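A.B. asks: Below is the structure I would like to discuss, written out as structure tokens.
The values are calculated or read from the model by the stated rules, or taken from the named source; none is laboratory data. None of these values were measured; they are calculated from a predicted model. Backbone-built Cβ (ideal geometry, glycine too); neighbour counts: all protein chains shown.
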Amino acid sequence: MTSGTGSAPIESTHVTVASEGTGLRFSWDADARIEVRSLGGEVVVEANAAGLRTLAGHLLVLAGEGVPDGAHLHLDDGNGLADGSVGLVLERGDEE
């Protein structure tokens with residue numbers, strides 16, 4: 001899922017994740033760069049334009065019709081995020 005020059009996913013990368021029988025398809029824009037840092041009480045998500053579009057797309061997939069509560073995507077260093085990033089989980093939570 002990553003390019004040979006770093007941890008950013010290569011162009012046209014698509015990942016289909018099975019969640020309670022539902023296939024969720026996540027895509028990365030070409031040249032997406034996303035970094036997540038923990039600064040004590042704050043989390044900083046820094047991304048270039050392609051990375052922001054990629055994150056927006058991931059959130060729209062999770063917000064889609066028929067996606068079950070608890071569906072989620074794990075991103076970490078070497079799996080969608082820049083080297084040195086802390087892990088990030090995007091999760092749908094419909095229950096209060």
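A.B. asks: Determine the pairs where a residue that is closer than 15 Å to ALA32 by Cα, located within segment 52-65, has a partner that is at pLDDT below 95 and aromatic (Phe, Trp, Tyr) with Cβ atoms under 7 Å apart, the partner being 6 or more residues away or on another chain.
C.D. replies: THR54/TRP28; HIS58/PHE26
A.B. asks: Inside segment 19-96, counting only strands (runs of 3 or more DSSP E) that do not spill past its ends, which hold 1 or more residues that are at pLDDT 90 or above and loosely packed, with under 15 Cβ neighbours inside 10 Å?
C.D. replies: Counting at least 1 such residues, we get 34-39, 42-47, 72-77, 88-91.
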